[in-house]
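Colleague: I am attaching a structure below and will ask some questions about it afterwards.
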Amino acid sequence: MRRRILTGVLFGLAMLAPGLAHADIDVDTKVALDTLWVLVAGFLVFWMNAGFAMLESGLCQAKNAVNILAKNFIVFAASSISFWVVGFGLMFGDGTPFVGLSGFLLGGADNSPAMGDAYAGVFGSLSWTGVPLYAKFFFQLVFAATAATIVSGVVAERIKFGSFVLFSFVLVAFIYPIGGHWIWGGGWLGSMGMLDFAGSTVVHSVGGWAALAGVLLLGPRAGKYRSDGSVRPIPGHNMSSATLGTLILWLGWFGFNPGSTMAADPGAIASIALNTNMAAAAGCLAATVTAWLLLGKPDLSMILNGTLAGLVAITAPCSNVTLGSSVVIGLIAGVLVVYAVLFFDRIRIDDPVGALSVHLVNGVFGTLAVGLFDAGGGGLFFGGGIEKTMTQVIGIAAVGALTFFLSLAVWFLLKVTVGIRVTPDEESEGLDIGEHGIEAYPGFQTHQEMGSAVR
Amino acid sequence: MRRRILTGVLFGLAMLAPGLAHADIDVDTKVALDTLWVLVAGFLVFWMNAGFAMLESGLCQAKNAVNILAKNFIVFAASSISFWVVGFGLMFGDGTPFVGLSGFLLGGADNSPAMGDAYAGVFGSLSWTGVPLYAKFFFQLVFAATAATIVSGVVAERIKFGSFVLFSFVLVAFIYPIGGHWIWGGGWLGSMGMLDFAGSTVVHSVGGWAALAGVLLLGPRAGKYRSDGSVRPIPGHNMSSATLGTLILWLGWFGFNPGSTMAADPGAIASIALNTNMAAAAGCLAATVTAWLLLGKPDLSMILNGTLAGLVAITAPCSNVTLGSSVVIGLIAGVLVVYAVLFFDRIRIDDPVGALSVHLVNGVFGTLAVGLFDAGGGGLFFGGGIEKTMTQVIGIAAVGALTFFLSLAVWFLLKVTVGIRVTPDEESEGLDIGEHGIEAYPGFQTHQEMGSAVR
Amino acid sequence: MRRRILTGVLFGLAMLAPGLAHADIDVDTKVALDTLWVLVAGFLVFWMNAGFAMLESGLCQAKNAVNILAKNFIVFAASSISFWVVGFGLMFGDGTPFVGLSGFLLGGADNSPAMGDAYAGVFGSLSWTGVPLYAKFFFQLVFAATAATIVSGVVAERIKFGSFVLFSFVLVAFIYPIGGHWIWGGGWLGSMGMLDFAGSTVVHSVGGWAALAGVLLLGPRAGKYRSDGSVRPIPGHNMSSATLGTLILWLGWFGFNPGSTMAADPGAIASIALNTNMAAAAGCLAATVTAWLLLGKPDLSMILNGTLAGLVAITAPCSNVTLGSSVVIGLIAGVLVVYAVLFFDRIRIDDPVGALSVHLVNGVFGTLAVGLFDAGGGGLFFGGGIEKTMTQVIGIAAVGALTFFLSLAVWFLLKVTVGIRVTPDEESEGLDIGEHGIEAYPGFQTHQEMGSAVR
């Protein structure tokens, strides 16, 4: 349960920032402050859509850029509608430990910003935060859309546009909310004590599992894995976009993590913001060094993905760990991501942008890290036993299995009905012409046009 | 009058978010909260300059990119000076129902953040908000500059740089403020009860009317309309920029609309932010489907413009309508914009970026939508009569006529003196060389250089 | 001392915004408000990393874009670690008038957000602001990283990646903090009365001096200065990126300057935000006109650098000057930057992006401007004597000499050990291949590949 998490946070931060007490802030002021914070944080998370669009399109080929941009753009619009109609109710509506059953279309009783015992309404699982319902929904919506956006990068450069949009609708309407209900919506994993403060599992690994299911049915891009066993590098077409995208994501994470307090609690938000930043920095440096040692050069795409790995890994534990632990978590994430990228290529799972290595691998690691580094007493490395970590493992496995198999079923249905992969000709020519009828950069001379598509 | 609008808002939201009451927030806290909100919202609106720069340059040709970037950049600087010296006084200074006559150079008495009856100063029309004068000015400045930026896209790829800068000065110093005074500055339209919460008319359609006047005197780009009656598509050179620009604008609108409360009222800002988002999402999806059906492909520029259409349309009614109505307004806007783009091409009005379809057509529609969908009782579809809608029609027509004819006069004066159109040679070669002496992408091989300017 | 500065601010603004008094805001509310503001402002300053990355890469050649992006990206990660471990303690830790000697790794006692006399801890120099320690650190960190980023642009297109990263570590760990301690950390310059509100000297000119030392040892890019005495223009490869970067920086400055209040004081932050904006606008217009007159065309890179010049120049005086003075300061900065760019080329100091002209020249000018335009009584042009200006001159010279000579020593050490310049072959081929093994835009045909590297 989120409420339990927050108690953990406050406990943890009481240590870090002595002397803070909020008893004196009157209720109306607190509602205004908290709403301001939640909305601003939500705007930052919304902004991550631009980050994913720039990063993913930059790391793919120019001939598919319009397609990737269009996918990343429309996925937020589609999520807005499907999360409003169905998803939010399934995730946060009152219901069973397995699924929410009320609050569809934001209907049903709700007296937010009343909170705690004073709350009366159908979204009891969000009664720990004292902001208007529409602010709660907006903040959760921008999270939901992130999960769908993660999928976009993994299946890039060969997925049919229509099929991707359909899958996104289903993911945000049904699959994401059910996993989310288990942990954040009053479900059985939260009741067991599983902690995932800002969503290493709820958002990131869920996006990764859904993508993994898709890519298994979709197969690698044509020519990626040669018959002699070697891997053909397909470099991204615009590293300027990719770098900008990563900086947008880093900025957005200052909404993602500290905003998940859903309250302008000064000690908590300052501490979470700094933990988030230090894990990102450590991930960046660790990936740089690892790539330099392994590959001989400080590869920019590894530098970028190392940063994102640190950010994903700190997402679950950001509220419960010390600054030093955040740096350690970031360092591990930065090493992990480089090896994961190499690993997925070895087993011939073709992920053009490295999103599985970033979001799935480090989403799992970050969720585990809560069990290992929790400074509130329960962490394995901080005087606690193995129990907390085992709870995290159960949560990771349960939500992973749920998401992977439901996604596999949906991808399979799409494959046997409308199809999920473009034709070989379209893939070779580029999806921009085939799916959208326009090019991303029509004024420029490309190598493909010069008869040297493969350099 | 804005004060009247705000009362409407608070009334409307009392329904939506029961239990909020601000009586207990002490005055100094409220001033600090409101100022924080107004400034952050103003920063987001400022950021829209980057959105327009990226969108408009991306949707034009590479050979004119420097020119468009320079225009979009300098227009905010020019607006800052002209709105400070003249515009703000004409718009919000005390005066007649037709024009403000005091407060030039931000001079004159003003005891902000004192508000309501306690206010004493020359900007009585802004006494409904309790923030320092400089915060009021900053927030209104970023709005004023938006109107001028809208013009930039419509006249792109053939306007003289100097003439555009001159027109922008005049627009922001005189034309925009007079229309704004009528609605927001204590003028006759506000007194009549016209409502335009965040400026579908004050900002967006005004930008559109000013641009329409310019484009009528300027004519289409060379080669756009062939003698056989067909239209030559001139694709934008960088869809990555255009997509980024649209996401910047969507983000900026979270300042534009919710910030127009000019107060950190939690129920109001959460509701307005969500209404804004849902209209954008609906506009995006509606334009995607409409373009897919009409043109055979989900054209990315239509996806982007559909989103912007939804945002423009919800700008006036965002504070007075339900969430469901916001979705409907967005859907209509998304359909409208696709047909409008085709319509303007049919009547041979050449608008390279679709800004007339987005800002003029949907600015008018959004202003009308207040009359149709007002949930506070007066909306035609919500139990009210036709009266409210008629008031909106009068406001649309009056401000439209004012802006169009004043702009036409200024454009005409420029045309017969310094000239408004570059030479045919310069247009063919690109404005970047002719107007600025540099290229946007000098390292890259373009098709134009390869002897195939027209593909 | 910063506290003294702030008193000056409040004094100055009492004039500008009568009627504001904060006695009534209770302590906990004020801590929450101030923390919210400091974090949001810090996020905006963080965002400037993207601005520098886009601006600097855009103003350089495509073949070096990956290298510049990687440098700008990793410099923030490196700074995060080195400022945490060493820099923050040297700058703000209690110690001598010349250097801080406590608080490394954020260790040591600290009861923030307690402030003033109630503060007990090792960071006494920051006890004038009432936010948690982690918020103080985060805000100061994003400032420190800015100084290092400024260096990046000046040494671009020929510096070794590893050497740059090493220099950045040292700059942010040792050099920047010592100069900062003198002015902001309780050191001798602050005690003398030197004023530098948001860091024209502490951040901007320090970055400039460090870069100047480097560039003297590094030399110009190959082919930049011809043997006949003429200068070969090497145009930036992507003016779209450069424009976006400048708009990001302008936005970021709304965190940089108003955020330096480190308190959500409504009168102060509104006034500082507006002063900042007007100086930027005036700098933009002045540079446009100056470039137009001197060079015959309104060069876009001058328009952009003029804006940045205005922003740098207003950074020190933004809290102590009137709106009119801000415009004047911006105008002077905009003229200065154009002449400075021409001057550095004349003395054959090769600065690919104009960062010395922007940050060094206008950092010095802005610091001087405090002495000239201070509206609180002490400004030379506002009824004060020469004394205040002389104090500023001493501060500029002292921090300049400290930074320049320490940096020169570090650069020299790097030069004679690992080397600081890439080989002529690598410089000709581009640093992207040599240092990173990838290209920024591998899909595109460039002029270099066509056998026409120099156009």
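We did not get these values from a lab; they are worked out from the coordinates using the rules stated. Note that the structure is predicted; figures quoted are calculated from it, not measured. Neighbour counts run over all protein chains shown; Cβ positions are idealised from the backbone, glycine included.
Colleague: Enter the Cα centre distance for the pair the stretch A:99-160 and the stretch A:178-213, rounded to the nearest angstrom.
Modeller: If you average the Cα positions of each part, the centres end up 13 Å apart.
Colleague: What does the copy distance list look like for C:Gly324, label position 7 Å along Cα→Cβ, in nm and ordered from shortest?
Modeller: 5.8, 5.8
Colleague: Setting aside same-chain residues fewer than 8 positions from B:Lys224, which aspartates and glutamates have a Cα under 15 Å from its Cα?
Modeller: B:Glu157, B:Asp345, B:Asp350, B:Asp351, B:Glu427
Colleague: Still on this structure, please answer the following. Assuming R0 = 45 Å, what is the FRET efficiency of A:Arg226 and C:Thr423, from their Cβ-Cβ distance, to the nearest 0.05? Numbers along the way, then the final one.
Modeller: Working: r = 33 Å, r/R0 = 0.74.
The calculated FRET efficiency here is 0.85.
Colleague: Here's something else I'd like to know. Under 8 Å for C-alpha pairs, at least 6 residues apart: give me the relative contact order for the stretch B:296-455, rounded to a whole percent. Mind dumping the intermediate values first?
Modeller: Details: 144 pairs, mean separation 27.4, N = 160.
Contact order relative to length: 17 percent.
Colleague: Let me ask something else about it. Taking Cα centroids, how far is the stretch A:264-303 from the stretch B:334-394 in Å?
Modeller: 48 Å
Colleague: Assign unit charges at the C-beta atoms only (+1 for Lys and Arg, -1 for Asp and Glu), then state the dipole size of chain C relative to its Cα centre in Debye, rounded to the nearest 20.
Modeller: Values: 20 positive and 26 negative charges, 153 e Å.
With Lys and Arg at +1 and Asp and Glu at -1, about 740 debye.
Colleague: When only C-alpha pairs under 8 Å and at least 6 residues apart count, what is the relative contact order of the stretch B:28-159, in percent?
Modeller: Working: 164 pairs, mean separation 39.1, N = 132.
It rounds to 30 percent for the stretch B:28-159.
Colleague: Moving to a separate point now. State which helices in chain A qualify, where a helix is a whole DSSP H run, it must extend 24 Å or more along its own axis by its Cα atoms, and its mean Kyte-Doolittle hydropathy must be at least 1.0. Working shown, then result.
Modeller: On the way: long enough: A:27-58 (46 Å, 1.13); A:65-82 (25 Å, 1.40); A:133-154 (33 Å, 1.53); A:239-256 (25 Å, 1.28); A:266-295 (43 Å, 1.38); A:323-346 (35 Å, 1.94); A:387-416 (44 Å, 1.43).
Qualifying helices, which must be both long enough and hydrophobic enough, are A:27-58, A:65-82, A:133-154, A:239-256, A:266-295, A:323-346, A:387-416.
Colleague: Separate question: For C:Ala401, place a label point 7 Å out from Cα along the Cα→Cβ vector, do the same in each other copy, and report the separations in nm, one decimal, smallest first.
Modeller: Shortest to longest, the spacings are 7.3, 7.3 nm.
Colleague: May I pose another question? Give me a single rounded figure for A:319-330: the average over its residues of other chain Cβ atoms within 10 Å of their Cβ.
Modeller: On the way: counts 0, 0, 0, 0, 5, 3, 0, 0, 4, 0, 0, 3.
Across the residues of A:319-330, the mean count of other-chain Cβ atoms within 10 Å is 1.
Colleague: Only four residue types carry charge here, +1 at the Cβ of Lys and Arg and -1 at the Cβ of Asp and Glu. Report the dipole size of the protein assembly as shown about the Cα centre in Debye, rounded to the nearest 20. Walk me through the numbers before you get to the answer.
Modeller: Numbers: 60 positive and 78 negative charges, 289 e Å.
My answer is approximately 1380 debye.
Colleague: Mind listing the Cα extents of the stretch A:26-454 along all three principal axes, in Å, largest one first?
Modeller: Principal extents (Cα only, largest first): 69, 45, 36 Å.
Colleague: Ok, one more. Let a ≥ b ≥ c be the square roots of the eigenvalues of the Cα gyration tensor of the protein assembly as shown; is it rounded (a/c under 1.5), or, if not, prolate (a/b larger than b/c) or oblate? Mind showing how you got there, number by number?
Modeller: On the way: a/c = 1.03, a/b = 1.00, b/c = 1.03.
It is rounded, given that a/c, with a ≥ b ≥ c, falls under 1.5.
Colleague: What is chain A's relative contact order, in percent, from Cα pairs under 8 angstrom and six or more apart in sequence?
Modeller: Working: 911 pairs, mean separation 101.7, N = 455.
Answer for chain A is 22 percent.
Colleague: How much net charge surrounds A:Gly229 when only other residues with a Cβ under 14 Å from its Cβ are counted (Lys, Arg +1; Asp, Glu -1)? Each step should come with its number before you reach the end.
Modeller: Details: positive: A:Lys224, A:Arg226, A:Arg232, A:Arg346, A:Arg348; negative: A:Asp228, A:Asp345.
Local net charge: +3.
Colleague: Next question, about the same structure. So for the pair C:Ala120, B:Ala409, with labels modelled 7 Å out along Cα→Cβ, what separation do we get in nm?
Modeller: For the pair C:Ala120/B:Ala409, the computed spacing is 7.3 nm.
Colleague: Now for a different question. Take peptide A:130-139, look around each residue's Cβ out to 10 angstrom, count Cβ atoms belonging to other protein chains, and average those counts.
Modeller: On the way: counts 1, 4, 13, 6, 15, 8, 1, 4, 8, 1.
Mean partner-chain Cβ count within 10 Å for A:130-139: 6.
Colleague: Further question on the same structure: Label-to-label distances across copies for B:Leu101, with labels 7 Å out along Cα→Cβ, in nm, shortest first?
Modeller: Computed spacing set for this position: 7.0, 7.0 nm.
Colleague: Provide the packing ranking of B:414-424, B:94-104, i.e. peptides ordered by the mean count of other C-beta atoms within 10 Å per residue, highest first.
Modeller: Details: B:414-424: 14.9, B:94-104: 17.5.
Put in order of decreasing packing, that is B:94-104, B:414-424.
Colleague: Give the peptides B:57-70, A:390-403 in descending order of average Cβ contacts within 10 Å, highest first.
Modeller: B:57-70, A:390-403
Colleague: Ok, one more. Sum up the charges of everything whose Cβ sits under 10 Å from the Cβ of A:Gly219, counting Lys and Arg as +1 and Asp and Glu as -1, but leave A:Gly219 out.
Modeller: +4
Colleague: Between A and C, which A residue has the Cβ nearest their rotation axis, distance in Å?
Modeller: Value returned for chain A: A:Gln445, 2.
Colleague: Another question about this same structure. Taking amide H positions as placed in the peptide plane 1.01 Å from N, state which residues far from B:Phe444 in sequence (5 or more) or on other chains have amide H under 5 Å from it.
Modeller: C:His447
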